[in-house]
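Notes follow the structure.
The values are calculated or read from the model by the stated rules, or taken from the named source; none is laboratory data. Being a predicted model, the structure only gives us computed values, none of them experimental. Cβ placement follows ideal geometry from the backbone for every residue including glycine, while neighbour counts extend to all protein chains displayed. We work out accessible area using only protein heavy atoms, side chains counted, and drop any ligands, DNA or RNA first. Shrake-Rupley method; radii C 1.70, N 1.55, O 1.52, S 1.80 Å.
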Amino acid sequence: MRILVQKFGGTSLSTDEARQLVIGHIKRERQRQFGLVVVVSAMGRKGDPYATDTLLSLIAHHGNSLPAKERDMLQGCGEIISASVLCSLLRAAGITAIALTGGGAGIITDNQFGRARILEIRTEGIHKALQEGHVVIVTGFQGVTEAGEFTTLGRGGSDTSATALGAALQAERVDIYTDVNGILTADPRIVKDARPLTIISYSEIGNMARQGAKVIHPRAVEIAQQARIPLRVRSTFSEDEGTLVTDTVHALKSSFVRDRHVTGVAHVSGVTQITVQAQDGHTDVQLQVFQAMAKHHISVDFINVNPGGAVYTVFDHDADKAVNVLQEIGYAPRAVSGCAKISVIGGGMNGVPGIMARIVEALTEKGVPILQSADSNTTIWVLVRESYMVTALQALHAKFALHE
Ligand code: ADP
Ligand code: MG
């Protein structure tokens, strides 16, 4: 049987009208003779009645008293509501369907509550239901431990549920339905003329996702890439086919992709730049600094080391702790909070001269100071103050003509 996984995000399920469109996408693919596994998120966004953040707001004033295990029981409820409501709607439309929890679908995880990792998916139950002709609805974001404890997979976890199911079921494709027409060249909330991409490689979207593009979870991309399952990111609210994520050489060799040096830009805000200088008598400054960060579980990024010291970033919420830790071991760090890391990403920039020059040009023309930069084969990163973030993203998007 050809299997297709369809994943519907929060906004795709939040209203009656949207849910009717979801039914339409399911019907259309069913007519194409696919066995369908439909993964659902909680309905809507913060403030909507059954959204994950709304459920969590029920305990927001209890001072973190709920253990992670019970917290998972609360935050996984929204998906159960979505799955059962969608099951009812499908049956009302004359389509036979069943709804399963993550555990019911055989998704076994470790016991890191709130950010569990999928260990294995036991697919017999889903296969049987598909053979019987059911559309199989699965709650995203959830799993169960070997001992039967309820777990959740962390933010964006429904994307991971979908691609992990796609891999385990050897699906023909995984379709991620959301509220934008695919993967765009930039976050459309910031760059108004951001444009949907027809095609993108796993590594490009993986980079964009890791560097802040919230359209798909990076872990979900990794799983699809390992299993070589194509993904499509598309809108519930249109019939456009959206963006195909693939590594198929002939698809990526089309002239349009071949000539593309920069594919998109992404950003992460809320970071602090920390500069540490070697003090007299401290010869192994880098070692000391990064060992201290690791010991205190402070995650570090954008690391530049030089003989005289190190420059790196931490999240703003870790900044005070990082500074204290450094002072305790005898350094006098300088911290610049409220920065944003901007990434310019393109599988086609490798070996192309002048990309960095154009980035510097774009930012200088708009008077945006660059605090730090780094580059790899496929990405160039610059750190700027958050107050310049929007200007910088728009300038880079325009410089590389990404709207065209
Ligand atoms: P869902 O609830 O469907 O999972 P998300 O909010 O997680 O939806 O992801 C979709 C959102 O991601 C879009 O509405 C858009 O604002 C945001 N986004 C950020 N960067 C990008 C990008 N490069 N391409 C598309 N969407 C992006
Ligand atoms: Mg999402």
Quiz prompt | Set of the stretch 142-186 residues, backbone N closer than 14 Å to the point 7 Å along the Cα-Cβ line of S299 | solution = 154-157
Quiz item: If you line up the long axis of helix 389-399 against the longest principal axis of the chain, both from Cα atoms, how many degrees apart are they, to the nearest 10?
Solution: 80
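Probe radius 1.4 Å, ligands and nucleic acids left out: which of S82, S65 has the largest accessible area, and how do the rest follow? Can you show the working numbers first?
Values: S82 0, S65 80 Å².
So, going from the largest accessible area down, we get S65, S82.
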Practice problem: Calculate the spin-label point distance for S65 paired with S376, positioning each point 7 Å from the Cα along the beta-carbon direction, and give it in nanometres. | Solution: 4.5
Quiz item: For Q170 and E132 in the same chain, what is the full-extension length gain: residue separation times 0.36 nm, less their Cα-Cα distance, in nm?
Solution: 11.8 nm
Quiz prompt | Theoretical FRET efficiency, 1/(1+(r/R0)^6), r = Cβ-Cβ of C77 and R334, R0 60 Å, to 0.05 | solution = 0.85
Quiz item: Tell me, how many Å apart are the Cα centres for the stretch 147-226 and for the stretch 351-383?
Solution: 26
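Antiparallel as a % of all DSSP beta bridges within the stretch 117-242, to the nearest 5?
Numbers: 4 of 9 bridges.
Close to 45 percent.
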Quiz item: Against the longest alpha carbon principal axis of the chain, how many degrees, from 0 to 90 and to the nearest 10, is the axis of helix 319-328 turned?
Solution: 40
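FRET efficiency for I23 and D240, Cβ-Cβ distance as r, R0 = 22 Å, nearest 0.05? Display every interim value, and only then the final one.
Numbers: r = 18 Å, r/R0 = 0.83.
E(calc), rounded to 0.05, equals 0.75.
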Quiz item: Once the whole set of protein chains is in place, how much accessible area is left on E120, using a 1.4 Å probe, in Å² to the nearest 10?
Solution: 80
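Could you tell me the calculated FRET efficiency between A401 and M356, based on Cβ-Cβ distance and R0 = 22 angstrom, to the nearest 0.05?
Values: r = 17 Å, r/R0 = 0.78.
For A401 and M356, the calculated efficiency is 0.80.
Could you please put K69, K128, K214 in sequence from largest to smallest accessible area, using a 1.4 Å probe?
Ranking K69, K128, K214 by accessible area, largest first, yields K214, K128, K69.
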Practice problem: Pull out a ≥ b ≥ c, the square roots of the eigenvalues of the alpha-carbon gyration tensor of the stretch 1-78, then state rounded if a/c is under 1.5, prolate if not and a/b is larger than b/c, and oblate in the remaining case. | Solution: oblate
Self-check item: Order of exposure, largest accessible area first, which applies to F113, F8 with probe 1.4 Å
Solution: F113, F8
Quiz item: How far is helix 157-168 tilted, in degrees, relative to the longest principal axis of the Cα atoms in the chain, given as a value from 0 to 90 rounded to the nearest 10?
Solution: 60
Quiz item: Between H25, A213, Q327, whose Cα lies farthest towards the positive end of the dipole of the chain when Lys and Arg beta carbons carry +1 and Asp and Glu beta carbons carry -1, centred on the Cα centre?
Solution: H25
Self-check item: Members of K7/K69; K295/K341; K7/K214; K214/K366; K46/K192 lying beyond 20 Å, as alpha-carbon distances in this model show
Solution: K7/K69; K295/K341; K214/K366; K46/K192
Quiz item: How high is the relative contact order of the chain, in percent, with contacts defined as C-alpha pairs under 8 Å that are six or more residues apart?
Solution: 13
Exercise. Can you pull the one-decimal nm distance between simple spin-label points at E146 and L56, each 7 Å off the Cα toward Cβ?
Key: 2.9
Self-check item: Per-residue SASA entry for K7, accessible area with 1.4 Å probe, Å² rounded to 10
Solution: 20
Quiz item: What is the stretch 26-164 by shape, rounded, prolate or oblate, if you read a ≥ b ≥ c off the alpha carbon gyration tensor as root eigenvalues and call it rounded for a/c under 1.5, prolate for a/b larger than b/c, and oblate otherwise?
Solution: oblate
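Where both residues lie in the chain, what percent of DSSP beta bridges are antiparallel, nearest 5?
Numbers: 42 of 70 bridges.
In the chain, DSSP labels about 60 percent of beta bridges as antiparallel.
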